[in-house]
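Engineer: Before anything else, here's the structure in question.
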Amino acid sequence: MTAHRLSVEGLRLSARRDGRPVELVRGIDLAVERGRVTALVGASGSGKSLTCLGLQGLTPPGVERLGGRVRLDGEAVEPATLPGRVVATVMQNPRSAFNPVLTMRAHARETLAVRGDAGALDRLLPEVLAEVGLPESDRIARLYPFEMSGGMLQRMMIALALLAGAPFLLADEPTTDLDPLVQAHILSLIERLVATRGLGVLIVTHDMGVVARLADEVAVMEDGRIVETAPVAALFAAPRSGAARALLDAHRALYPEEFA
């Protein structure tokens, strides 16, 4: 896949509450480019994760797509064609992404089978495991999910994304359940893969420290809308929206030493 830009225009999603339709995502325009990191930020419940699901045609039961168009390099595509081939996902709780009765080798084989390259397993798996910081490939390949830590599973999810050959990585709160040291290692890994592989990354977070560390551009969500977009330095220096100011104020209160 050689696509360089993934975008969604006018995404609208709704669900019924008390018998009435309620619009949850309200006309979102968002883009991700190869070799760059876009952060989608906002308070819990602002619609970030739902936007990412809608982008891939993976809306949960009860959620209706009212509108929106997804494009690859300007050409309209069906959202359902994106997961696993164009967009690889790293989730907040990696354990839920793995089949508990399959080894890591079996997960890797399934991933390569989707792209029609299962015969390359023995060649490619050690390469990507080393690339994500899991160098003991023979041992790792034999492990089941319950035998691995959260940090190891996050690295394995990224390894599977590399095996899939997807040009875009969607990371939904990828460090929330990890301790600070493992968080730093995962962020460093994503940063390195953007530089070396040219991945385009959409990272969903409410942690402005993650945004400052990784992002090139920031889109701020509030109540199902994007209320501000800006380069990361500009957003930190002069946020225009109340939602961005609230997130930055909370970050400053938690980490005052960063602003001393």
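The values are calculated or read from the model by the stated rules, or taken from the named source; none is laboratory data. Since the structure is predicted, the reported quantities are computational estimates derived from the model, not experimental observations. Neighbour counts are summed over all protein chains in view; Cβ atoms, including those assigned to glycine, are modelled from backbone coordinates with ideal geometry. All accessible areas refer to the heavy atoms of the entire protein, side chains included, with ligands and DNA or RNA removed. Shrake-Rupley method; radii C 1.70, N 1.55, O 1.52, S 1.80 Å.
Engineer: Go through region 2-36 and report how many residues are in contact with a helix residue (DSSP H, G or I) (Cβ under 8 Å, 6 or more places away or on another chain) and within 14 Å of M221 (Cβ to Cβ).
Structural biologist: Qualifying residue count, region 2-36: 7.
Engineer: Within region 27-52, which residues are out of contact with any Leu (no Cβ under 8 Å at 6 or more places or on another chain) and either open to solvent by less than 40 Å² (accessible area, probe 1.4 Å) or at pLDDT below 95 (or both)?
Structural biologist: Selection gives S44, G45, S46, S49.
Engineer: Looking at region 125-155, which of the residues that are among the aliphatic types (A, V, I, L, M) and over 23 Å from the mean Cα position of the chain (by Cα) is surrounded by the most Cβ atoms within 10 Å (Cβ to Cβ)?
Structural biologist: I140
Engineer: Okay, moving on. Condition (residue is crowded, with 19+ Cβ neighbours inside 10 Å and either assigned to a strand (DSSP E or B) or over 16 Å from the mean Cα position of the chain (by Cα) (or both)) applied to region 183-193: is it met by at least one residue?
Structural biologist: Checked against the condition, which is being crowded, with 19+ Cβ neighbours inside 10 Å and either assigned to a strand (DSSP E or B) or over 16 Å from the mean Cα position of the chain (by Cα) (or both), region 183-193 yields no hits at all.
Engineer: Given the options L55, L66, name the one that is open to solvent by less than 40 Å² (accessible area, probe 1.4 Å), of a type outside the set (S, T, Y) and either modelled with pLDDT of 90 or more or over 15 Å from P167 (Cα atoms) (or both).
Structural biologist: The conditions single out L55.
Engineer: Oh, and also: Is it true that L72 is among the hydrophobic types (A, V, I, L, M, F, W, C), under 23 Å from V32 (Cα atoms), in contact (Cβ under 8 Å) with a residue 12 or more places away in the chain and surrounded by 17 or more Cβ atoms within 10 Å (Cβ to Cβ)?
Structural biologist: So L72 passes the test.
Engineer: While we're here: Can you tell which of P174, P135 is of a type outside the set (S, T, N, Q), free of Cβ contacts under 8 Å to residues at least 12 places away in the same chain and either out of contact with any strand residue (DSSP E or B) (no Cβ under 9 Å at 6 or more places or on another chain) or not in a helix (DSSP H, G or I) (or both)? It would help to see each step written out before you state the result.
Structural biologist: On the way: P174 fails: free of Cβ contacts under 8 Å to residues at least 12 places away in the same chain.
Answer to the selection: P135.
Engineer: Just a yes or no: is a residue in region 85-105 farther than 29 Å from L13 by Cα, open to solvent by 60 Å² or more (accessible area, probe 1.4 Å) and of a type in the set (D, E, K, R)?
Structural biologist: The answer is yes; a qualifying residue exists.
Engineer: Would you mention how many residues in region 198-237 are free of Cβ contacts under 8 Å to residues at least 12 places away in the same chain and either touching a Leu at 6+ places or on another chain (Cβ under 8 Å) or open to solvent by less than 60 Å² (accessible area, probe 1.4 Å) (or both)? Don't jump to the end; show me each part of the working.
Structural biologist: Step one: list which residues in region 198-237 are free of Cβ contacts under 8 Å to residues at least 12 places away in the same chain, which gives 233-234, 237.
Filter again for either touching a Leu at 6+ places or on another chain (Cβ under 8 Å) or open to solvent by less than 60 Å² (accessible area, probe 1.4 Å) (or both), leaving 234.
Residues that pass the stated criteria total 1.
Engineer: Would you confirm whether or not region 220-231 contains a residue that is more than 16 Å from S46 (Cβ to Cβ), assigned to a helix (DSSP H, G or I), among the hydrophobic types (A, V, I, L, M, F, W, C) and modelled with pLDDT of 95 or more?
Structural biologist: no
Engineer: I'd like the full set of residues that are more than 26 Å from T111 (Cα to Cα) and in a strand (DSSP E or B), limited to region 62-74.
Structural biologist: The first filter runs over region 62-74 and keeps only residues more than 26 Å from T111 (Cα to Cα), leaving 62-69, 74.
Matches in region 62-74: V63, E64, R65, L66, G67, G68, R69.
Engineer: Right, next: Would you mention how many residues in region 90-115 are of a type in the set (A, V, I, L, M) and within 10 Å of A164 (Cα to Cα)?
Structural biologist: Quick first cut of region 90-115, residues of a type in the set (A, V, I, L, M) only: 90-91, 97, 101-102, 104, 106, 108, 112-114.
Those left that are additionally within 10 Å of A164 (Cα to Cα): 108, 112-114.
Residues that pass the stated criteria total 4.
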